[in-house]
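This report refers to the structure that appears directly beneath it.
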Number of protein chains: 2
Amino acid sequence: MTVQGWLHRRRTLKSVVFLVLRDRSGLVQAVVTDPEAMAAAGGHPEETVLQITGIVTANPQAPGGAEVTSPAVTALSGPAEAPPFDLYRPSVAATLPTILDHAPVALRHPLLRAPHAISAVSVAGFRTTLDALGFTEIHTPKVVASATESGANVFGIDWFGTRAYLAQSPQFFKQAMVGVFERVYETGPVFRAEPHDTARHLAQYTSLDAELGFVTDHREVMAVLREVLAGMTAAVERHAGEECALLDVELPNIPERIPEIHFTRAQELLAAHTGEDPRGEPDLAPAHERWLSRWALREYGSEFLFVTGYPMVKRPFYTHPEPGRAEYSNSFDLLFRGLELVTGGQRLHRHEDYLAALAARGESPEPYAGYLAAFRHGMPPHGGFALGLERWTTRLTGADNIRRATLFPRDLHRLTP
Amino acid sequence: MTVQGWLHRRRTLKSVVFLVLRDRSGLVQAVVTDPEAMAAAGGHPEETVLQITGIVTANPQAPGGAEVTSPAVTALSGPAEAPPFDLYRPSVAATLPTILDHAPVALRHPLLRAPHAISAVSVAGFRTTLDALGFTEIHTPKVVASATESGANVFGIDWFGTRAYLAQSPQFFKQAMVGVFERVYETGPVFRAEPHDTARHLAQYTSLDAELGFVTDHREVMAVLREVLAGMTAAVERHAGEECALLDVELPNIPERIPEIHFTRAQELLAAHTGEDPRGEPDLAPAHERWLSRWALREYGSEFLFVTGYPMVKRPFYTHPEPGRAEYSNSFDLLFRGLELVTGGQRLHRHEDYLAALAARGESPEPYAGYLAAFRHGMPPHGGFALGLERWTTRLTGADNIRRATLFPRDLHRLTP
């Protein structure tokens with residue numbers, strides 16, 4: 001048999017050299033006993049790319065349960081220097097900045113690689129679920145003429161001499177495409193010029209976006225989201241079981257119906273039980289989200305909780321108000337293990353409602369002309385959501401920083417590698 | 001039964017109003033004969049979003065083979081104005097600029113929507129094929145500190161006060177990730193500040209990128225690409241049959257082994273048969289690509305042709321030279337119906353070879369420090385390719401302009417909608 005991979009660990013004893021080879025499927029050990037071959041094998045530093053041909057023998061004590069004996073070892077390519085930390089040690093002896101500075105080599109460590117394998121299969125689960133529900137994948141512009149989500153936190157770009165911006169979300173495009181395909185999704189990069197240097201902010205992240213037409217209200221969107229979460233979790237269980245074991249990931253149960261609580265009721269609970277009275281506040285504080293998550297786990301055994309009906313004043317202008325209670329909205333956040341994971345809701349769909357919503361906020365419709373055009377031609381009631389992929393992986397793996405779930409993070413301070 | 005959709009076409013006769021409803025699955029006709037209902041139904045302009053409840057009756061002459069009788073019709077949302085051209089006519093009576101200016105409504109026309117449905121299932125076929133071959137999906141930065149493909153044609157961006165650039169390709173990242181996952185792919189946007197205003201250039205397009213390690217040379221990459229093309233074509237056949245029929249798409253046969261011709265041999269053929277002598281030129285002219293495509297069809301019955309061994313001088317510095325003939329490269333272009341669809345090849349994998357390649361071009365390794373770091377730690381022989389999604393869809397559907405295969409094109413002149 002011939003195996004190829006990286007020299008994960010070399011151990012030179014008196015009469016034997018052990019070469020532990022690593023590839024994407026795991027580890028295998030070659031045992032070199034021939035004196036001449038031992039001398040050659042002993043000269044390869046760790047991370048040398050090797051091709052080893054030999055006889056495979058079962059050995060329960062070897063890594064992977066088998067070993068290669070009488071190996072012929074060929075070096076395909078040698079390292080120019082040692083990694084910044086030992087990749088062969090079971091734990092990672094490096095700080096996050098070191099890991100990020102040396103991502104191409106650091107991510108070879110099985111513990112650091114695992115979140116990205118989990119991330120990859122999660123996205124596959126997202127798509128498979130929506131494909132089965134009749135959604136169509138779209139690819140939309142990442143450069144736009146005006147900011148639609150909010151004027152702040154956009155990156156400016158010189159577009160052939162014109163001022164343009166990196167898209168903060170595919171919001172406009174996915175809504176417009178409901179008019180064409182009814183149900184669409186996109187898995188792509190979005191950009192936020194976040195001036196925050198925290199463990200959970202990135203300036204570029206992967207947004208898993210979905211939008212669907214002909215809904216009654218936001219609850220149909222929440223039902224689709226529930227299926228998506230189940231599909232993502234099932235994909236992780238099925239295709240990244242080893243990585244989950246390595247990281248001690250406990251996969252969440254997805255209740256048939258994820259519990260939900262209205263924003264006003266959530267504030268009442270917080271007032272009654274936390275010694276604080278957030279009523280009157282237009283949003284939930286992070287500590288409140290954590291309290292509500294614990295409450296949902298206690299009350300319903302669910303690690304997920306929908307908070308619905310956020311005040312309109314804190315939601316974007318395209319949000320659909322709650323019928324009969326116009327200061328609240330047909331919107332939701334999904335809390336997962338104490339943190340907001342998904343934002344979504346029903347959108348306005350009538351052209352005149354958009355004009356009225358902008359007027360009520362004292363905004364001119366001018367900058368939104370392109371956005372509004374889509375609604376001049378008959379749009380069905382619709383809604384959607386956006387799920388941050390790196391946030392999902394971070395929560396799932398219990399990572400202490402979202403950068404551990406991002407191959408090459410981009411933030412306030414980091415533009416390389 | 002209840003159906004929801006857009007009023008595609010309304011026809012008012014003396015004693016009947018026909019309402020043809022359109023949704024993503026097709027058309028269905030409602031027949032209104034009650035005088036009061038007729039008056040109401042006759043008032044809805046085309047593109048009104050309707051909900052129709054009634055009795056479904058088979059009628060071979062109706063669009064879709066069935067019709068709804070005794071319908072109760074509810075308008076969910078009305079258009080504020082008529083579309084810029086009649087969506088109900090079988091052909092499209094609008095110029096490309098009109099279509100692009102009004103994309104959200106124009107793409108509702110089945111003929112204009114179809115390429116995007118084909119595009120969506122093509123990407124699914126790309127991913128499915130590579131998933132089955134053990135590839136891992138990656139998501140990489142679209143903002144980089146320096147241009148790696150070439151200094152020209154990059155968009156500058158203000159990144160928190162620092163000069164940065166939109167990524168022209170995920171080249172560096174996908175190569176680096178070969179060191180982690182061995183086989184990776186990405187389906188994402190890339191950006192080229194193309195000053196060309198042609199029917200086949202876009203400033204943002206969707207690049208389907210793959211990279212794999214432990215190859216012998218570029219031929220293993222070509223073999224993977226062959227599987228990818230077969231998977232994409234099969235996905236289109238299976239999931240977009242109706243759209244193909246609508247656009248008269250003839251799907252290509254993918255030969256078990258796509259024919260290939262070396263660059264030098266291609267030039268000899270052109271010299272012998274075209275009355276021109278391109279020998280000595282470092283690249284093929286578009287007319288030469290078309291001639292070679294016709295030749296491959298005649299000679300091998302194949303609509304695909306690999307041209308291999310392009311001169312190193314025209315390939316990027318990371319290209320692996322041809323063993324024994326260092327002025328040529330282990331690279332390839334794939335021609336499809338007369339046009340280059342894919343570029344790929346084997347890359348350098350040794351750190352010292354990168355340094356030598358840059359030195360030979362008189363370039364400093366400084367700007368490439370981040371890129372080169374990945375190769376300091378042992379990288380296997382590897383290669384990959386990039387396939388332009390919009391180019392694929394354009395060639396497949398025979399569209400006269402790549403913008404017909406792009407939902408919201410971005411180019412020298414277009415930044416909206």
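The values are calculated or read from the model by the stated rules, or taken from the named source; none is laboratory data. Values in this document were obtained by computation on a predicted structure and should not be read as measured data. We place every Cβ from the backbone using ideal geometry, glycine too, and count neighbours over all the protein chains shown. Calculation scope for accessible area: heavy atoms of the full protein, side chains included, ligands and nucleic acids excluded. Shrake-Rupley method; radii C 1.70, N 1.55, O 1.52, S 1.80 Å.
List the aspartates and glutamates whose Cα lies under 14 Å from the Cα of residue A:174, skipping any in the same chain that are fewer than 8 positions away. Hits, sequence-local ones excluded: A:137, A:149, A:182, A:186, A:209, A:211. Which translational diffusion coefficient, to the nearest whole µm²/s, is obtained for region B:294-417 from the Stokes-Einstein equation, given a Kirkwood hydrodynamic radius over C-alpha pairs, 20 °C and 1.002 mPa s? The estimated diffusion coefficient comes to 126 µm²/s.
For region A:240-367, the Kirkwood hydrodynamic radius comes to 16.3 Å, computed from all pairs of different C-alpha atoms.
Each Cα pair under 8 Å and six or more residues apart adds its sequence gap; the mean of these over the residue count of chain B is a relative contact order of 14 percent. For a test of the definition: using alpha carbon positions, the gyration tensor, and the 1.5 limit on a/c, classify region B:2-82 as rounded, prolate or oblate. Oblate shape, in that a/c is at least 1.5 and b/c is the bigger or equal ratio. Cβ-Cβ distance of residue B:201 and residue B:36, R₀ of 41 Å, FRET efficiency by 1/(1 + (r/R0)^6): the value works out to about 0.15. Extension gain, residue A:81-residue A:281: 0.36 nm per intervening residue step, less the Cα-Cα distance, totals 66.4 nm.
Rounded to the nearest 10 degrees, the angle from helix B:351-360 to the longest Cα principal axis of chain B is 80 degrees. Karplus-derived 3J(HN,Hα) values for region A:133-143, using 6.51 cos²θ - 1.76 cosθ + 1.60 with θ = phi - 60°, are 8, x, 7, 10, 7, 10, 10, 10, x, 9, 10 Hz; glycine and proline are entered as x.
Per-residue mean of foreign Cβ neighbours for B:164-174 is 2 (Cβ atoms of other chains, 10 Å radius).
Roughly speaking, what is the centre-to-centre gap between region A:15-48 and region B:14-75 when only Cα atoms are used, to the nearest Å? Computed from Cα coordinates, the inter-centre distance equals 75 Å. Within region A:51-83, list the residues whose amide N lies under 18 Å from a label point set 7 Å along Cα→Cβ of residue A:11. Of the residues in region A:51-83, A:57-71 have backbone N under 18 Å from the label point off residue A:11. When a/c reaches 1.5 or more, the comparison of a/b and b/c decides; with that in mind, is region B:184-303 rounded, prolate or oblate per its Cα gyration tensor? Note, shape of region B:184-303 comes out rounded. Model label sites at residue A:268 and residue A:238, defined 7 Å from Cα along the beta-carbon direction, differ in position by 4.2 nm. Could you give me D for region B:60-145, from Stokes-Einstein at 20 °C and 1.002 mPa s, where the hydrodynamic radius is the Kirkwood radius over C-alpha pairs? Units µm² s⁻¹, please. The calculation lands on 122 µm²/s.
Overall, the anisotropy analysis places the protein assembly as shown in the oblate class: the square-rooted eigenvalues a ≥ b ≥ c of its C-alpha gyration tensor yield a/c not less than 1.5, with a/b not exceeding b/c. Pairing chain A with chain B buries about 7300 Å² of accessible area. This figure sums both sides and uses a 1.4 Å probe.
Counting, for every residue in A:80-86, the Cβ atoms of other protein chains within 10 Å of its Cβ and taking the mean gives 3. Distances, shortest first, from the label point of residue B:355 to those at the same position in the other copies read 6.9 nm; the point lies 7 Å along Cα to C-beta. Between the helical axis of B:110-132 and the longest alpha-carbon principal axis of chain B there is an angle of about 40 degrees. Using the Cβ-Cβ distance between residue A:369 and residue B:25 with R0 = 51 Å, the FRET efficiency computed as 1/(1 + (r/R0)^6) comes to roughly 0.95.
Across region B:306-374, the convex hull enclosing all Cα atoms gives 96 Å³ per residue. The label point for residue B:153 and the one for residue B:298, both projected 7 Å from the Cα toward the Cβ, are 3.1 nm apart. For region A:189-231 versus region B:273-352, the inter-centroid distance based on Cα atoms is 42 Å. Counting protein heavy atoms only, chain A has 50 percent of its accessible area on carbon and sulfur, 1.4 angstrom probe.
Remark: spin-label model distance residue A:74-residue B:160 equals 4.7 nm, labels positioned 7 Å along the Cα→Cβ axis. Summarising the rotation from chain A to chain B, the nearest chain A beta-carbon to the axis and its distance in Å are given as A:157, 2. Shielding by partners for peptide A:120-129, expressed as the average number of C-beta atoms from other protein chains within 10 Å of each residue's C-beta, is 3.
One decimal place: the segment residue B:290-residue B:360 gains 21.9 nm when fully extended, by the rule 0.36 nm per residue minus the C-alpha distance. Just to be sure I understand the curve: with the Debye formula and one point per C-alpha of region A:110-405, what is log10 I(q)/I(0) at q = 0.06, 0.07, 0.16 Å⁻¹? At q = 0.06, 0.07, 0.16 Å⁻¹ the computed log10 ratios are -0.19, -0.26, -1.46. Comparing each chain alone with all protein chains together (probe 1.4 Å, DNA, RNA and ligands left out), the residues of region A:101-116 losing at least 40 Å² of accessible area are A:104, A:108, A:113. Relative to the longest principal axis of the Cα atoms of chain A, the long axis of helix A:263-273 lies at roughly 70 degrees.
Taking all protein chains into account, the per residue accessible area for region B:110-405 stands at 36 Å² (1.4 Å probe).
Summary for residue B:69: label point 7 Å along Cα→Cβ; distances to the equivalent points in the other copies, ascending, 8.4 nm. With its label point put 7 Å out from Cα toward Cβ, residue A:217 sits 6.7 nm from the same residue's point in the other copies, in order from shortest.
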